[in-house]
Amino acid sequence: MARKKGYDYFRAFYDMTVCAVEAAELLEKEITDFHPDKVEEARTKLHVIENRADHIKHEVIDNLSREFVPPIEREDIAELASEIDDVIDCIEDVYLRVYMYNMQELPPAAQRFTKIIAMCCRTLRDIMEEFPKFRKSARIGALIIDVNSMEEEGDKLYVESMHTLYAECADATKLLPLTYCYERLEKCCDACEHVANVCESVIMKNS
């Protein structure tokens, strides 16, 4: 349950997922309406969001080091903060690759990936909204399953996208950057599932 006094870890987790949603929705927007001349501006915006989440994570760890009796196990708090932070790092990493490889166009599959990632992050935010009352929540289990299902959808899209890419693209200057881009997009989906799995583990240990 949420703490009435002291540092509110559950609120911190929620705030970090809000950052994840902001990052994912920005990525979706920029990839769906892609303009190479706006990549640097978008990359800067994503980095600002990542820094905000990173600050919250460090705040969590700092308070945890001084906490006498945390609301859930210390290692679970540290792991959850780290896993949520990884989601945002992965999202930033996608756009970093777009910038590094000076990509001038992106295929529809990339847009489909960003929609899945944004849905995953919004669901993680909903999970964290329920997390303070996880022992009584009627929704949290279904939300965790939703993230697992979306990650599976991302896996299928990754396989299909890579097959299409290597079947149709003979230009190595496009092939390798898109390969790396698809890998990073799929990694975003994996990172979201990792957060959901930690939440599920906490629920099981505290039920």
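None of the figures in this text is laboratory data; all of them are computed from the coordinates on show. All of these numbers come straight from a predicted model, not from anything done at the bench. For neighbour counting, all protein chains shown are included, and Cβ atoms are generated from backbone atoms with ideal geometry for every residue, glycine included.
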q = 0.10, 0.24 Å⁻¹, region 103-205: log10 I(q)/I(0) [Debye, one scatterer per Cα] = -0.34, -1.17
inquiry  = Using a Gaussian network model on the chain with a 10 Å cutoff between Cα atoms, which of E92, E73, E25 fluctuates the most?
reply    = E73
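Output the peptides 63-72, 196-205 sorted from most to least packed, where packing is the average of other Cβ atoms within 10 Å over each peptide's residues. Spell out each step's value before the answer.
Details: 63-72: 12.6, 196-205: 16.6.
Highest mean packing first, the order is 196-205, 63-72.
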key: Per-selection metrics, region 150-194 (Cα): Rg and Dmax in Å   = 11.2, 35
inquiry  = At a threshold of 8 angstrom on Cα-Cα distance, excluding pairs fewer than six apart, so keeping six or more, what relative contact order does the chain reach in percent?
reply    = 31
query = When only DSSP loop residues count, what GluC sites (Glu not before Pro) in region 98-165 have their Cβ near at most 16 other Cβ atoms within 10 Å?
reply = E105
